[in-house]
1. When both residues are 6+ apart or on different chains and their Cβ atoms are under 7 Å apart, which pairs have a first residue that lies in segment 93-122 and is at pLDDT 95 or above, and a second that is of a type in the set (F, W, Y)?
2. Looking at segment 81-114 only, could you name the residues that are polar (S, T, N, Q), out of contact with any strand residue (DSSP E or B) (no Cβ under 8 Å at 6 or more places or on another chain) and either assigned to a helix (DSSP H, G or I) or closer than 30 Å to I68 by Cα (or both)?
3. Keeping to segment 123-138, report how many residues are of a type in the set (D, E, K, R), at pLDDT 95 or above and part of a loop (DSSP other than H, G, I, E, B).
4. Only one of F80, F7 is within 21 Å of E193 (Cα to Cα) and under 19 Å from the mean Cα position of the chain (by Cα). Can you tell me which?
5. Only one residue in D167, D144 is under 24 Å from R22 (Cα atoms), within 17 Å of the chain's Cα centre (by Cα) and crowded, with 16+ Cβ neighbours inside 10 Å. Which one?
6. Restricting segment 125-141 to residues that are among the β-branched types (V, I, T) and closer than 20 Å to V172 by Cβ, which is surrounded by the fewest Cβ atoms within 10 Å (Cβ to Cβ)?
7. Inside segment 74-96, can you point out the residues that are over 14 Å from D15 (Cβ atoms) and touching a helix residue (DSSP H, G or I) at 6+ places or on another chain (Cβ under 6 Å)?
8. So G141 passes all but one of these: (1) modelled with pLDDT of 95 or more; (2) outside any helix (DSSP H, G or I). Which condition number does it fail?
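The values are calculated or read from the model by the stated rules, or taken from the named source; none is laboratory data. This one's a predicted model, so the numbers in the text were calculated from it and none came from an experiment. We place every Cβ from the backbone using ideal geometry, glycine too, and count neighbours over all the protein chains shown.
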Amino acid sequence: MIQALIFDMDGTMIDNMMVHHRAWQIILKDLGLDLELEQIRQELHGKNEEILARIFGNRFTEDELKHIAWKKEFAYRKVFIEQLTPISGLMQVLEQAKGMGLKLGIGTAAPPENVNFVLDNIFDLRTYFSSIIDASMVQRGKPDPQVHELVSAQLGIPLANTLIFEDSPTGVETALRAGCEVVVITTTHAEEEFARFPNVRRFVKTYEELDLGAVVK
C-alpha cells in the first residue's frame, strides 16, 4: 500500500532540464570540452562535483570543483527565473495527495541553493513537503539510493510503501535500487529510453494526465 510519494525536482516538478544542459554546455566549453546537447542530456546526471570528477578525473582540486559547480548553477538560476513555474497539474496532485493522507518528500541531486530557488519562488510549494533532501545532505549521488533512504527515514514510511516521481533513466535506476516503483514525467526523456526498467508504473507528460487515486492503488 502506497503511503508516501517522493519527488525528484529538476525535470519532475519543474521543466528545467534543457536550461541545465545548456548551462553545462557553456561551462564545459570554457574548460576545453565541447559537447553536444544530446550527449549532455544522456550522460550528465547526479551531483555536480561527481559529474566533473567523472569527466576530468583529478584535474581540479575539491575547492575548484565546488567553484565550477557554483558558476554553473548561478548561470542556470539567472536564466531560468523568468520561466520558473511548476509542471502543469503538479499543485493539484500535491493537494490531492495531502487530502488522501499521503506523506510527501523531495529527493533531489540539486544543490540547496537551487532547491530554495524553486521552493521559495513558487507560492506554497514548500508547505506540502515533510522531508526535503538535497545534494549537500548525501555522500553518494544518484543512482545510489541514499537520497531516497534519507527521505524515507524522515517521513517514517518504508521505501516499500513509497512511490517515486522521476524524469530520467538515472532517477528510475535510483528508485529501482531503492525497491520502489516510479511514475515517469516525460519532460526530458522519451518512454522508449526506459524500456529496460521493470519498475515504471506510469508515464505522463504532465500531472494533468495523472489519476493519482488509480496510480497509488
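1. Correct list of pairs: V93/Y207; L94/Y128; K98/Y128; L104/Y128; L104/F129; G105/F129; I106/F7; I106/F129.
2. As a first pass, look at segment 81-114 and keep what is polar (S, T, N, Q): 83, 85, 88, 92, 96, 108, 114.
Imposing the further condition that a residue be out of contact with any strand residue (DSSP E or B) (no Cβ under 8 Å at 6 or more places or on another chain) reduces the set to 83, 88, 92, 96.
Correct list: Q83, Q92, Q96.
3. Taking segment 123-138 first, the residues of a type in the set (D, E, K, R) are 124, 126, 134.
Next, from what is left, pick out any that are at pLDDT 95 or above: 126, 134.
If we keep only those that are part of a loop (DSSP other than H, G, I, E, B) as well, we get 134.
The number of residues fulfilling the criteria is 1.
4. Numbers: F80 fails: within 21 Å of E193 (Cα to Cα).
Exactly one of F80, F7 is within 21 Å of E193 (Cα to Cα) and under 19 Å from the mean Cα position of the chain (by Cα), namely F7.
5. On the way: D144 fails: under 24 Å from R22 (Cα atoms).
From the options D167, D144, the qualifying one is D167.
6. Keep residues of segment 125-141 that are among the β-branched types (V, I, T), which gives 127, 132-133, 138.
Applying the additional criterion that residues be closer than 20 Å to V172 by Cβ yields 133, 138.
On the way: I133: 23, V138: 20.
The selected residue is V138.
7. Across segment 74-96, the qualifying residues are A75, R77, V93, L94, Q96.
8. The failed condition is (1).
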